[in-house]
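Below is one structure, written out as structure tokens; the observations come after it.
The values are calculated or read from the model by the stated rules, or taken from the named source; none is laboratory data. The model shown is predicted, which means the values in this text are computed figures rather than measured ones. When we count neighbours, we look across all protein chains shown, and the Cβ atoms used for this are built from the backbone with ideal geometry, even at glycine. With ligands, DNA and RNA removed, areas are computed over all heavy atoms of the protein, side chains included. Shrake-Rupley method; radii C 1.70, N 1.55, O 1.52, S 1.80 Å.
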Amino acid sequence: MTAITVALNGVKVVDDVEPRQSLADFLRDRCGLTATHLGCEHGACGACTVVVDGLATRSCLTLAAMADGRAVSTLEGLRDDPLMTLLRRHFHESHALQCGFCTPGMLITARDILQRHTRPDDKTVRHELSGQICRCTGYANIVKAIVAAGQDLPQASAAPPDA
Amino acid sequence: MKAAPFEYIRPKSVAEASVALGRRGATTAAIAGGQSLIPMLSLRVALIDLLVDISRLDDLKAVTATPDSTWIGSLTTHSQIEDGKTPDVFGGLMRRVAGQISYRAVRNHGTIGGSIALADPAADWPCCLIALDATVRVVGRSGVTVPRIADFIHDSYATTLTTGDIIMGFDIPAPKVPLRWGFAKVARKSGAFAHSIAIVTALGKDGPATVVLGAAGPRPRQMVATATQLAVAGATEEQLRAAIATDLDANFEGLDAYQKRMHTANILRAARDMRAQ
Ligand SMILES: Cc1cc2nc3c(=O)[nH]c(=O)nc-3n(C[C@H](O)[C@H](O)[C@H](O)COP(=O)(O)OP(=O)(O)OC[C@H]3O[C@@H](n4cnc5c(N)ncnc54)[C@H](O)[C@@H]3O)c2cc1C
Ligand code: FES
Ligand code: FES
């Protein structure tokens, strides 16, 4: 077992993990944070995307042991994040989800897109979303929601990238 | 999709890591970004006893530039290069290549050193660093070696690395005149591994050209006849096609008619982009 300390959604978590345990399994099975979904477990679908030290991260391609000393945010921890609140409203208004399986990864990726691109256009959003797979919506409404959220964003008020 | 059990350590220095990797009687692996190794462990195509985490070794993170060359530490991530956080005296070629690899969340962790160490036939950095004539600095139990990437990668997923070896980084010679380049990729989906990668460079307006084709065989190859033809002022597309056909036959085995057309079209696209600069 390996001892780890993680700042998880702003709360210090100290635990012992098996070295082979992925960050995704640690979040879901050890911490009960089930917003992080597992689709493919090899980096292709994006459902498991979380934020590690400010960087969008595949939690299926990170070991819990490697997250030692890092700050990890999952969708649960971004409930009151201003950018996430804006995105949630636009996902709702644009009807950007059906079954919702891909939605946590979509929202975290959408937030990352808006932190790196001011008012992204349709083409940019589509390119940036190419690592997020949705089997239901056909993507049109997801793209619409993210573009609309970007339009709503006052130019200078994008949330800091390390939130 | 769960990895088999293994032991995990995070050494404090390159020397310590090298010793751990050489542990007698154990199958070991270094982990940098984990973006290739973790799926391989999960699929159990790689089975190890000991995982040595080198991802926090500062000695592998240095990035420096002199008038003669650029040094890129092996832990430099694709995202850092994409975002222009490393010097790019290659007219933006490295940024362009970095930004097309996989997806942002993978680029945030995947490293240039991991990509070269793995030597996936369809990976982007091997093509780019061969085109830029880079060398790789390897530290191991038998000392330091500095092979050219083109010699370091000798087959599909095969390099001259031996147990205990660690890639420190890459030395890339600075072009003496501005580099013109073209980069073209054929992939089923943006971010997926490519079926064809073409990188074409030329030194200044009429200097020598380099053409590298990847994903067409076990390892990327220099297309020498094509490069020679490309350096001829006013070479026509027909002449280029003939040179590409010669190079494809000389460097790659078993390409079918479709693959030949695809690689030809892809190289021509890269060449057109370069000639437009
Ligand atoms: C969905 C997906 C799509 C991808 N698409 C592409 C693509 O289109 N093009 C592309 O080029 N790549 C692609 N990749 C691979 C990606 O670029 C990886 O980041 C890269 O191949 C490996 O880098 P890493 O740092 O993650 O290495 P790791 O996974 O940590 O290690 C890979 C191998 O290299 C060894 N290694 C790592 N660092 C060193 C070192 N410093 N010294 C010695 N050995 C070392 C490890 O022991 C291991 O064997 C993709 C990956 C995923 C998950
Ligand atoms: S579950 Fe991690 S990318 Fe699919
Ligand atoms: S809403 Fe069902 S997978 Fe996206």
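From the protein chains alone at 1.4 Å, what is the descending order of accessible area for B:I101, B:I172, largest first?
Numbers: B:I101 20, B:I172 0 Å².
So the residues, ranked largest to smallest area, are B:I101, B:I172.
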Peptide A:64-75 - average C-beta neighbours from other chains (10 Å radius):
2
Solvent accessible area, Å² - B:E7, 1.4 Å probe, full protein context
80 Å²
Neighbouring partner chain Cβ atoms per residue of A:129-136, average, 10 Å criterion:
3
Everything considered on the Cα gyration tensor (a ≥ b ≥ c; rounded for a/c under 1.5, else prolate if a/b is larger than b/c, else oblate), chain B must be described as prolate
Can you tell me the relative contact order of chain B? Whole percent, Cα pairs under 8 Å, sequence separation 6 or more.
16 percent
Mind listing, in residue-number order, the residues in segment A:1-31 that have at least 40 Å² less accessible area with every protein chain present than in their own chain alone (1.4 Å probe)?
A:P19, A:R20
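Counting only heavy atoms of the protein chains, get the accessible area per residue of chain A (1.4 Å probe) and round it to a whole Å² value.
Heavy-atom SASA per residue in chain A reads 43 Å².
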Lysines with Cα under 26 Å of B:K189, excluding same-chain neighbours fewer than 8 positions away
A:K123, A:K144, B:K260
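Any idea what the dipole of the protein assembly as shown comes to, in debye rounded to 20, about its Cα centre with Lys/Arg Cβ at +1 and Asp/Glu Cβ at -1? Working shown, then result.
On the way: 46 positive and 43 negative charges, 127 e Å.
For the protein assembly as shown, the charge dipole is close to 600 debye.
Roughly how many percent of the accessible protein surface of segment A:32-147 is carbon and sulfur, given a 1.4 Å probe and a whole-percent answer?
Values: 2340 of 4510 Å².
Within segment A:32-147, the accessible surface is 52 percent carbon and sulfur.
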Rounded, prolate or oblate, given the Cα gyration tensor of segment B:7-52, with a/c below 1.5 counting as rounded?
oblate
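Nearest 100 Å² is fine: what is the total accessible surface buried where chains B and A meet, probe 1.4 Å? Don't skip to the answer; put the middle values down first.
Values: alone 13230 and 8280 Å², together 19080 Å².
Approximately 2400 Å² gets buried when B meets A.
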Helix-only mean residue ellipticity at 222 nm, chain A, DSSP H runs n ≥ 4 weighted -39,500 (n - 2.57), per residue, nearest 500. What is it?
-8500 deg cm²/dmol
Taking accessible area as the heavy-atom solvent-accessible surface of the protein chains with a 1.4 Å probe, which residues of segment B:99-130 lose no less than 20 Å² upon going from the isolated chain to the full protein assembly?
B:Y103, B:R104, B:A105, B:V106, B:N108, B:H109
Among B:241-249, B:157-165, B:92-100, A:103-111, how do they line up from the highest to the lowest mean number of other beta-carbon atoms within 10 Å?
A:103-111, B:92-100, B:241-249, B:157-165
Could you work out the local net charge near B:S18, counting Lys and Arg as +1, Asp and Glu as -1, over the other residues with Cβ closer than 10 Å to its Cβ?
-1
Heads up, I need the accessible area for A:H92: 1.4 angstrom probe, whole protein in place, Å², nearest 10.
150 Å²
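In Å², what does the accessible area per residue of segment B:180-275 work out to with a 1.4 Å probe? Provide the component values of the computation, followed by the final result.
Details: 4530 Å² over 96 residues.
Computed with neighbouring chains in place, this is 47 Å² per residue.
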In terms of the alpha carbon gyration tensor, root eigenvalues a ≥ b ≥ c, rounded if a/c is under 1.5 and otherwise prolate when a/b exceeds b/c or oblate, the protein assembly as shown is oblate
So which lysines pass the test for A:K12, namely a Cα distance under 27 Å, with those fewer than 8 places away in the same chain ruled out?
B:K2, B:K12
Average beta-carbon neighbours from other chains, 10 Å sphere, peptide A:51-61:
5
On the accessible surface of chain B, probed at 1.4 Å, how many percent belong to carbon and sulfur atoms?
53 percent
Dipole moment magnitude, nearest 20 debye, segment A:2-77 about Cα centre, only Lys, Arg, Asp, Glu C-beta charged:
140 debye
Average Cα contact separation per residue, segment B:52-117, under 8 Å, 6 or more apart, as relative contact order %
32 percent
